[in-house]
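Worksheet: the structure to be examined is printed underneath.
The values are calculated or read from the model by the stated rules, or taken from the named source; none is laboratory data. Remember, it's a predicted structure, so these values are computed and weren't measured experimentally. Cβ: placed from backbone, ideal geometry, glycine included. Neighbour counts: every protein chain shown. Only protein heavy atoms, including side chains, enter the accessible area calculation; ligands, DNA and RNA are left aside. Shrake-Rupley method; radii C 1.70, N 1.55, O 1.52, S 1.80 Å.
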Amino acid sequence: MSVFSANDFDNHEAVLFVHDQATGLKAIIAVHDTTLGPALGGTRMWKYESEEAALADVLRLSRGMTYKSSLAGINLGGGKSVIIGDSRTDKTPALMEAFGRAVDQLGGRYIAAEDVGTDPTDLEHARRATRHIAGIAEGNAGDPSPATAFGVFQGLKAAVLFRLKKDSLAGMRVAVQGLGHVGFGLCKLLKDGGAKIIVADINEALVRKAVTELGATATHVDAIYDQEVEVFAPCALGAILNDNTIPRLKAHIVAGSANNQLAEPRHAEALMARGILYTPDYALNAGGIILVSHEGPSFDREKAMHHVGRIYDTCLDIFKRAEREERTTAEIADRIAFERLSKARKEKAALALAS
Ligand code: NAD
């Protein structure tokens, strides 16, 4: 397996492969860029088809975190970790503690948070071996998912205003794929906003919960792309905007929390060609990381959530600039994030030269 010549390698600062025989832990931690601050990003536990797939995921996701923090205007770098295994059967407190020991080896260059397949309780176990953990209850901001859902909701509203010229979600039909930590929270906010929700999840219990508690309409996992809706909100896994799904979408807007929604960069153009407004995933799902960036002794939840709410303005700026420059929203988001990052890199280099 190659690392430095892997397709998704993008001058990552460090990639740590970890194995712990006693607990069965197999993990990869990637630190993409620490120009803006320590690399913070979630820990994903997934039954990857191959080690190459796990490496590709961690390289891609960690780079995404660099861009996400840069775009959100926070002083954190980009990192991510993946644990190879089934989170329902392979995860134990001892395995998470072994993962914590691995995080600790990086001495604070990487700070772990939750992601698909892990939750704040798992991170509490990891916390026994390292202090470089964010997004847990203990004296911190707690579970970042509600903030992520709130941020997605704000960006979704900005997209509705920009694309459909409506400043209310009343009667708006939204198809939500994935009812996990973020997706379910988003559904609650959509319901309160007066939207009609159509949901799909491989977990039938969650679907039943959304139907009974929120009055959602359930649909089959594969039928979620074909719904007659104004908004498609992918809140499960990545690469779901691809050659197979894009032609099926009837939505005018894509706005959801999932990371790396575009299977390939060209799919941003495919969406634009079909007149679908794509809300760049990492602009939209930055709520959790924004909340976590406020952690510390003077943590003020209200101030942090106000900051999360600015995702609305960030998204509107992206839409307007994309329209003006006749570019995809994905390209504009990358450009804004890269502009801040390269400015910081130049300032850092100048400082190093001066000292
Ligand atoms: P989660 O594991 O709690 O939820 C994911 C849900 O998707 C689960 O209920 C799962 O059953 C469902 N799912 C999986 N495959 C599916 C499929 N094919 N069709 C329909 N449903 C499917 O994860 P989460 O924390 O809610 O995160 C959701 C997405 O948002 C992920 O891509 C994650 O990386 C991203 N994200 C999460 C946060 C956060 O704060 N939790 C922050 C930023 C981005």
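Observations on the structure shown:
- Qualifying residue in segment 157-171 (condition: open to solvent by less than 10 Å² (accessible area, probe 1.4 Å) and within 16 Å of the ligand (Cβ to nearest atom)): no
- Failed item in (1) in contact with a Lys or Arg (Cβ under 7 Å, 6 or more places away or on another chain); (2) open to solvent by 10 Å² or more (accessible area, probe 1.4 Å); (3) hydrophobic (A, V, I, L, M, F, W, C), with Val58 passing the rest: (2)
Matching residues to (1) over 26 Å from Ala113 (Cα atoms); (2) touching a strand residue (DSSP E or B) at 6+ places or on another chain (Cβ under 7 Å); (3) basic (Lys, Arg):
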| site | (1), (2), (3) |
| --- | --- |
| Asn242 | yes, no, no |
| Gly256 | no, yes, no |
| Leu262 | no, yes, no |
| Thr279 | no, yes, no |
| Lys346 | yes, no, yes |
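- Contact map, segment 19-42: first residue on the phi < 0 side of the Ramachandran plot and of a type in the set (S, T, N, Q), second residue in a loop (DSSP other than H, G, I, E, B) and open to solvent by 30 Å² or more (accessible area, probe 1.4 Å), Cβ cut-off under 8 Å, separation 6 or more or different chains; pairs are Thr23/Thr92; Thr34/Glu13; Thr34/Arg109.
- Flag for Gly108 being small (Gly, Ala, Ser) and open to solvent by 10 Å² or more (accessible area, probe 1.4 Å): yes
- Leading residue by the ranking (farthest from the ligand (Cβ to nearest atom)) among those in segment 217-235 that are hydrophobic (A, V, I, L, M, F, W, C) and crowded, with 23+ Cβ neighbours inside 10 Å: Val231
- In segment 138-154, the count of residues that are away from the ligand (no atom under 16 Å from the Cβ) and at pLDDT 95 or above is zero.
- Applying the set (1) open to solvent by 60 Å² or more (accessible area, probe 1.4 Å); (2) among the aliphatic types (A, V, I, L, M); (3) without any contact (Cβ under 8 Å) to a residue 12 or more places away in the chain to Met1 leaves exactly one unmet item: (3).
- Test for Ser87: is it open to solvent by 30 Å² or more (accessible area, probe 1.4 Å), within 15 Å of the ligand (Cβ to nearest atom) and of a type in the set (S, T, N, Q): yes
- Within segment 107-127, the only residue that satisfies the criterion of being closer than 18 Å to Gly77 by Cβ, modelled with pLDDT of 95 or more and among the charged types (D, E, K, R) is Arg109.
- Within segment 94-137, the residues that satisfy the criterion of being more than 16 Å from the ligand (Cβ to nearest atom), in contact with an Asp or Glu (Cβ under 7 Å, 6 or more places away or on another chain) and part of a loop (DSSP other than H, G, I, E, B) are Arg128, Ala129, Thr130, His132.
- Any chance Ile74 is in contact (Cβ under 8 Å) with a residue 12 or more places away in the chain and open to solvent by 20 Å² or more (accessible area, probe 1.4 Å): no
- Some residue of segment 303-310 being in contact with an Asp or Glu (Cβ under 7 Å, 6 or more places away or on another chain), away from the ligand (no atom under 11 Å from the Cβ) and within 21 Å of Val174 (Cβ to Cβ): no
- In segment 140-164, the residues that are without any contact (Cβ under 8 Å) to a residue 60 or more places away in the chain reach residues that are acidic (Asp, Glu) and not in a helix (DSSP H, G or I) with C-beta atoms within less than 9 angstrom, at least six apart or across chains, in these pairs: Asp143/Glu114; Asp143/Asp119.
- Residue that is farthest from the ligand (Cβ to nearest atom), among those in segment 189-206 that are over 22 Å from the mean Cα position of the chain (by Cα) and open to solvent by less than 60 Å² (accessible area, probe 1.4 Å): Gly194
- Any hit, segment 32-45, residues being away from the ligand (no atom under 16 Å from the Cβ), more than 23 Å from Glu124 (Cα to Cα), charged (D, E, K, R) and surrounded by 20 or more Cβ atoms within 10 Å (Cβ to Cβ): yes
- Filtering segment 217-224 for residues that are assigned to a strand (DSSP E or B), within 22 Å of Leu61 (Cβ to Cβ) and in the same structural domain as Leu262 (by TED's automatic domain parsing) leaves an empty set.
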